[in-house]
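Bear in mind that the values in this text are calculations on the coordinates, not laboratory data. This is a predicted model, so every value here is computed, not measured. Ideal geometry is used to build each Cβ from the backbone, glycine not excepted, and the neighbour counts take in all protein chains shown.
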Amino acid sequence: MASPSIELAVPGPDGPRAVRISNPDRVYFPQLGLTKRDIAEYYLAVGDGVVAALWERPCMLRRFPEGIGGEQIYQKRLPKGAPDWVQTARVAFPSGRHADELCVTEPASVIWAVQMSTIEFHPWHSRRADTERPDELRIDLDPQPGTSYEDARRVALAVRELLAELGVPGWPKTSGSRGIHIFVRIEPRWGFTEVRRAALALARELERRMPDLVTSRWWKEERGPRVFADYNQNARDRTMACAYSIRARPTAPVSTPLTWDEVPDADPEELTVRTVPERFARLGDVWSGINEAAWSIEPLLEWAARDERDRGQGDAPYPPHFPKMEGEPMRVSPSRAKPPTSMDGAPPISGPASKP
């Protein structure tokens, strides 16, 4: 017996497309009773905004076939059975393998992904035309234990001041959890290594200005109760929830774009699947100007060179699944690092050398 289904008329380049949604009454968010149909209708309501955020980017899908309480699938390769109008972008991996990932160019692609039980959309920070050269620098402000969203907000406003000194606009959004993301549109002239290096230089400068509130330290044991500026979100193949993406948490929060004037007072707990469509209908996409200008990361690369030359701050650790990178320090937490040993394997003797 065929499962129940509905068809939604979704805007397409040549007129509406009919997208089938099977099991539309399946509950994805039990606490709120939100169904698969509710998720599809949410993404239809913010269609222009989410398509702009995903446009021409390889995209990883976070799928929940049984709802957020069940199994989750991190889907890089496009799921089987896609209509011929769903487009892809090919990305390569260090292993030599590749994946054809979803590449959104119209709202119907988003709704088809919802049909495949997608709740979250995680795009690359590069586009299909050149997947190896990012056009987006991402600043991820992640509160650590002992800190709060309010702390992340204070840091976000400091980031705004820092970017203003560089003459660069930043585009803030809630993460959909406890943090704040700030995106910067950049010229696609550099590879992931350089863009990540620029993000690390920015994080270190922010840490110097707010040492009691900000950390750029990769190892959790070194961070303390501070907001972590996660530079590694700019490494290759790292993805973040896009603007307008729902997050798979019980209250169905949305990673919501903000204006800078809203940052001091915006409450992320109020920005959900149920409230963001009305906000979008009223304000439109508050990030609509993000593509008007692209910025050079050269000033940040100069900061990186200064840090290494004057402060002895070279590269910092990559995430654990990355291959060892050139110039990267030892990838082991300080508490587990072994002290250097002498040639015979014994710990070196401290103090002045003995006389012959």
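List of remarks:
- Computed about the Cα centre, the dipole magnitude for the stretch 5-129 is approximately 460 debye when only Lys and Arg (+1) and Asp and Glu (-1) carry charge, each at its Cβ.
- Shape call, the stretch 191-254: gyration tensor on alpha carbons, a/c limit 1.5: oblate
- If you look at the Cα atoms of the stretch 5-129, you get an Rg and a Dmax of 14.3, 43 Å.
- The order of 321, 125, 98, going from fewest to most other C-beta atoms within 10 Å of their C-beta, is 321, 98, 125.
- In this structure the amide hydrogen of residue 228, modeled in the peptide plane, comes within under 5 Å of the amide hydrogens of 142, 144, 215, none closer than 5 places in sequence on its chain.
- For the stretch 168-287, the orientation-averaged shadow of the C-alpha convex hull comes to 8.8 nm² (one quarter of the hull surface).
- Most to least packed among 20-32, 132-144, 183-195 [average Cβ atoms within 10 Å]: 132-144, 183-195, 20-32
- Sorting the segments 36-45, 76-85, 286-295, 146-155 by their mean number of nearby beta carbons within 10 angstrom, highest to lowest, gives 36-45, 146-155, 286-295, 76-85.
- Relative contact order %, the chain, counting alpha carbon pairs below 8 Å whose residues are six or more apart: 16
- All Cα pairs of the chain, percent lying beyond 32 Å: 36
- Using only side-chain charges placed at the Cβ, +1 for Lys and Arg and -1 for Asp and Glu, the dipole size of the chain relative to its Cα centre rounds to 1060 debye.
- Förster radius 25 Å - calculated FRET efficiency between residue 306 and residue 335 (Cβ-Cβ, nearest 0.05): 0.25
- Mean residue ellipticity at 222 nm, helices only, the chain: -7500 deg cm²/dmol; runs of at least 4 DSSP H residues each add -39,500 (n - 2.57), and the sum is divided by the number of residues.
- Pairs from the list 173/220; 36/324; 220/324 with a Cα-Cα gap above 30 Å: 36/324.
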